[in-house]
Amino acid sequence: MNDIPLGLTSLLVVAPTILIAIWLFYMIHIFTEKAESLLPNSSFVTGIRSTYAHAGLLGKAIRNGVVTLALMMPHTFARKGILDLTEAKNFPQGLKRILFLSWGSAFVFLIAGIVLGAYLKHMKSNGI
């Protein structure tokens, strides 16, 4: 394969990944406490807040990711007794959309980067 299309493909994966990472840093910093405050009766919020409160931005990322996961699968968390289902249903749709799209796009571009890396490794091992 020609190096120019391969470089352009890499650029189309790497550039959005960097932009998404910058957006995630901003989104995590701004929306974590807001999302947690909208789930006051959910026991997992107080648990992860006390566990990761001193971990800085990485702790906020974990807390934000767990809240997003809980909103993505509310019945599973409610069945375990750690999420109040009415709070999850009354969670603002705009904030839920921001959380889902941010983490979802980061996941998609992570998978794209893994696939591209595997393809490049395959090309290198075959001497192409």
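Of everything listed in (1) over 25 Å from Ala15 (Cα atoms); (2) part of a helix (DSSP H, G or I), the single unmet condition for Tyr119 is (1). So for segment 41-59 (the condition being aromatic (Phe, Trp, Tyr) and modelled with pLDDT of 90 or more), does at least one residue qualify? Checking segment 41-59: at least one residue is aromatic (Phe, Trp, Tyr) and modelled with pLDDT of 90 or more. Being in a loop (DSSP other than H, G, I, E, B), of a type in the set (Val, Ile, Thr) and either surrounded by 12 or more Cβ atoms within 10 Å (Cβ to Cβ) or more than 19 Å from the chain's Cα centre (by Cα) (or both) is the requirement here; does Ile98 meet it? The answer is no for Ile98. Would a scan of segment 103-116 turn up a residue that is of a type in the set (S, T, N, Q), modelled with pLDDT of 95 or more and assigned to a helix (DSSP H, G or I)? Yes - at least one qualifying residue is present in segment 103-116.
Within segment 15-24, being out of contact with any Phe, Trp or Tyr (no Cβ under 9 Å at 6 or more places or on another chain) and surrounded by 13 or more Cβ atoms within 10 Å (Cβ to Cβ) holds for one residue alone: Trp23. Just a yes or no: is a residue in segment 31-52 closer than 30 Å to Asn126 by Cα and either among the hydrophobic types (A, V, I, L, M, F, W, C) or touching a residue at least 12 places away in the same chain (Cβ under 8 Å) (or both)? Scanning segment 31-52, I find no residue that is closer than 30 Å to Asn126 by Cα and either among the hydrophobic types (A, V, I, L, M, F, W, C) or touching a residue at least 12 places away in the same chain (Cβ under 8 Å) (or both), so the answer is no. Here segment 76-95 is the region considered, the condition is being assigned to a helix (DSSP H, G or I) and in contact (Cβ under 8 Å) with a residue 24 or more places away in the chain, and the residue that is farthest from Phe44 (Cα to Cα) is Leu95. Filter segment 28-75 down to the residues that are surrounded by 20 or more Cβ atoms within 10 Å (Cβ to Cβ), outside any helix (DSSP H, G or I) and of a type in the set (Gly, Ala, Ser) and list them by number. Correct list: Ser42 only.
The values are calculated or read from the model by the stated rules, or taken from the named source; none is laboratory data. On a predicted model such as this, the values are computed, not experimentally measured, just so you know. Heads up, the Cβs are rebuilt from the backbone with ideal geometry, glycines too, and the neighbour counts pull from every protein chain shown.
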